[in-house]
Amino acid sequence: MARFYLHLKSSDGLILFYDPEGVELPSIDAARREALQSARELLSHAIKTGKTKVPEAFVITGEDGRTLEVVLLASVLPEPLRK
């Protein structure tokens, strides 16, 4: 198991939220699945509450702080809605 951190990034590249605790997962694939599930929840909440601005992506980092992958929130939208 490794510890992964899922930070939220804005469209202008700024980190909006640093994940201070991270989560222990067996692989980067599991971290990607976690980010995708969180993206669905975040976008669902934003739509239900009428928010017009949402983060652009989850930035997955390892324990050393190195970026391992970037998961765009738009990637969970149905294809016609993606930009």
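Go through the stretch 54-71 and count every residue that is touching a helix residue (DSSP H, G or I) at 6+ places or on another chain (Cβ under 8 Å) and over 12 Å from His7 (Cα atoms).
So the first thing to find is which residues in the stretch 54-71 are touching a helix residue (DSSP H, G or I) at 6+ places or on another chain (Cβ under 8 Å), and the list is 54-58, 60, 68-69, 71.
After this cut, where a residue has to be over 12 Å from His7 (Cα atoms) as well, the list is 54.
Of the residues in the stretch 54-71, 1 are touching a helix residue (DSSP H, G or I) at 6+ places or on another chain (Cβ under 8 Å) and over 12 Å from His7 (Cα atoms).
For Thr49, the stated conditions hold: it is among the polar types (S, T, N, Q), loosely packed, with under 15 Cβ neighbours inside 10 Å and modelled with pLDDT of 95 or more.
A Cβ distance below 6 Å, combined with a sequence gap of six or more or placement on separate chains, defines the contacts here; from the stretch 39-51, residues that are at negative phi and among the small types (Gly, Ala, Ser) reach residues that are surrounded by 11 or more Cβ atoms within 10 Å (Cβ to Cβ) and in a helix (DSSP H, G or I) in the pairs Ala39/Leu73; Ala39/Val76. Listed by first and then second residue, the pairs with beta-carbon distance under 7 Å, at least 6 apart or on different chains, first residue in the stretch 60-83 and among the hydrophobic types (A, V, I, L, M, F, W, C), second surrounded by 15 or more Cβ atoms within 10 Å (Cβ to Cβ) and part of a loop (DSSP other than H, G, I, E, B), are Leu68/Gly62; Leu72/Glu56; Leu73/Val54; Leu73/Pro55; Leu73/Glu56.
Would you point out the residue of the stretch 11-27, among those that are farther than 16 Å from Glu56 by Cα and of a type in the set (A, V, I, L, M), that is surrounded by the most Cβ atoms within 10 Å (Cβ to Cβ)?
First, the residues of the stretch 11-27 that are farther than 16 Å from Glu56 by Cα: 20-27.
Narrowing further to those that are of a type in the set (A, V, I, L, M): 23, 25.
Working: Val23: 14, Leu25: 17.
Ranking the candidates gives Leu25 first.
Restricting attention to the stretch 2-57, which residues are hydroxyl-bearing (Ser, Thr, Tyr), over 14 Å from the mean Cα position of the chain (by Cα) and within 17 Å of Leu68 (Cα to Cα)? Result: Ser27, single match. Considering only residues in the stretch 52-64 that are surrounded by fewer than 10 Cβ atoms within 10 Å (Cβ to Cβ) and modelled with pLDDT under 95, the one that is farthest from Pro26 (Cα to Cα) turns out to be Thr52. Among the criteria (1) over 15 Å from the mean Cα position of the chain (by Cα); (2) modelled with pLDDT of 95 or more, the one Leu81 does not fulfil is (2). The residue pairs whose first member lies in the stretch 2-26 and is without any contact (Cβ under 8 Å) to a residue 24 or more places away in the chain, whose second member is in a strand (DSSP E or B) and surrounded by fewer than 16 Cβ atoms within 10 Å (Cβ to Cβ), and whose beta carbons are closer than 9 Å, counting only pairs six or more residues apart or on different chains, are Glu21/Arg3; Val23/Arg3; Glu24/Ala2; Glu24/Arg3.
The values are calculated or read from the model by the stated rules, or taken from the named source; none is laboratory data. Just so it is clear, the model here is predicted, and its values are computed rather than measured. Because the Cβ atoms are built from the backbone with ideal geometry, glycine has one as well, and the counts that use them run over all protein chains shown.
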